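Here the structure comes first, spelled out in structure tokens, and everything after it is commentary.
The values are calculated or read from the model by the stated rules, or taken from the named source; none is laboratory data. Worth saying up front: this structure is predicted, and the values here are computed from it rather than measured. So basically every Cβ, Gly included, is an ideal-geometry build from the backbone, and we count neighbours across all protein chains shown.
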Amino acid sequence: MKQYVWTGLYEAALFETDDKKLPSCLEEAKAAIDRRVTEIQVEHNSSPEELRAMTSALHILQVLRTGLEKRTS
């Protein structure tokens, strides 16, 4: 994946193995993506590639969150 401002936090969430730390990693990654989306809306400076990457990342973060909820409930 190409490196964007938000990808470091996204990758941290992907590779976090501690279920106690995972919720905050998921929130930080989603917040970083949300900030970038806001930036794009204001500045109109995105590429179709980044938009696809963010859409995919948000989907995967949701899958991780759902898996965590199933494991911890």
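Kindly establish whether residue 12 is surrounded by 14 or more Cβ atoms within 10 Å (Cβ to Cβ), aliphatic (A, V, I, L, M) and in contact with a Cys (Cβ under 9 Å, 6 or more places away or on another chain). Lay out the reasoning, then the answer.
Values: surrounded by 14 or more Cβ atoms within 10 Å (Cβ to Cβ): yes; aliphatic (A, V, I, L, M): yes; in contact with a Cys (Cβ under 9 Å, 6 or more places away or on another chain): yes.
Judged against the criteria, residue 12 is a match.
Hey, among 42, 63, which residue is surrounded by fewer than 12 Cβ atoms within 10 Å (Cβ to Cβ), of a type in the set (A, V, I, L, M) and at pLDDT 95 or above?
Step by step, each of 42, 63 is checked, and only 63 is surrounded by fewer than 12 Cβ atoms within 10 Å (Cβ to Cβ), of a type in the set (A, V, I, L, M) and at pLDDT 95 or above.
Among the helices (runs of 4 or more DSSP H) contained in the chain, which hold 3 or more residues that are in contact with a strand residue (DSSP E or B) (Cβ under 8 Å, 6 or more places away or on another chain)? I'd like the intermediate steps shown before the answer.
Numbers: elements: 7-15, 22-43, 48-72.
Once the helices (runs of 4 or more DSSP H) in the chain are filtered for at least 3 residues that are in contact with a strand residue (DSSP E or B) (Cβ under 8 Å, 6 or more places away or on another chain), nothing remains.
Being without any contact (Cβ under 8 Å) to a residue 60 or more places away in the chain and loosely packed, with under 14 Cβ neighbours inside 10 Å: is that true of residue 53 here?
no
Conditions tested, residue by residue: (1) without any contact (Cβ under 8 Å) to a residue 24 or more places away in the chain; (2) farther than 16 Å from residue 53 by Cβ; (3) β-branched (Val, Ile, Thr); (4) in contact with a Lys or Arg (Cβ under 6 Å, 6 or more places away or on another chain).
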site: 4; (1), (2), (3), (4): no, no, no, no
site: 15; (1), (2), (3), (4): yes, yes, no, no
site: 22; (1), (2), (3), (4): no, yes, no, no
site: 25; (1), (2), (3), (4): yes, yes, no, no
site: 32; (1), (2), (3), (4): no, no, no, no
site: 35; (1), (2), (3), (4): no, no, no, no
site: 41; (1), (2), (3), (4): yes, yes, no, no
